[in-house]
Amino acid sequence: MPIIALIIIGAAAGFLATRLMRIEADIPTTMLIGIVGALVGGLILRTLLAVMGWLSGFVGAVLGALLVIWLWQTYIRR
């Protein structure tokens, strides 16, 4: 996946994930959460991507971002 697409999908996924988890984060943090989530979700859902197409990549990015937010809230931000 090209880096520009990763940034765009990551930013969208980070925005959606921060809203679903009801946290307030600035734009760079939201983008970072989304990009890391996109990487994590991409690794987890690579098989689903082959079956369903690009939509599963977005779903994987959102799920990965949710996981990153949960880990961040649980272990880093006490």
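The values are calculated or read from the model by the stated rules, or taken from the named source; none is laboratory data. Only a predicted model underlies this, so the values are computations on that prediction, with no experimental measurement involved. Neighbour counts are summed over all protein chains in view; Cβ atoms, including those assigned to glycine, are modelled from backbone coordinates with ideal geometry. Accessible surface is based on the protein model in full, side chains and every heavy atom, while ligands, DNA and RNA are left aside. Shrake-Rupley method; radii C 1.70, N 1.55, O 1.52, S 1.80 Å.
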Residues that are open to solvent by less than 30 Å² (accessible area, probe 1.4 Å), touching a Phe, Trp or Tyr at 6+ places or on another chain (Cβ under 8 Å) and under 15 Å from Phe58 (Cα atoms), drawn from segment 1-41: Ala13, Ile33, Gly34
Can you tell me which residue among Thr74, Thr18, Thr29 is farther than 18 Å from Ile8 by Cα, at pLDDT 80 or above and either out of contact with any helix residue (DSSP H, G or I) (no Cβ under 8 Å at 6 or more places or on another chain) or not in a loop (DSSP other than H, G, I, E, B) (or both)? Thr74
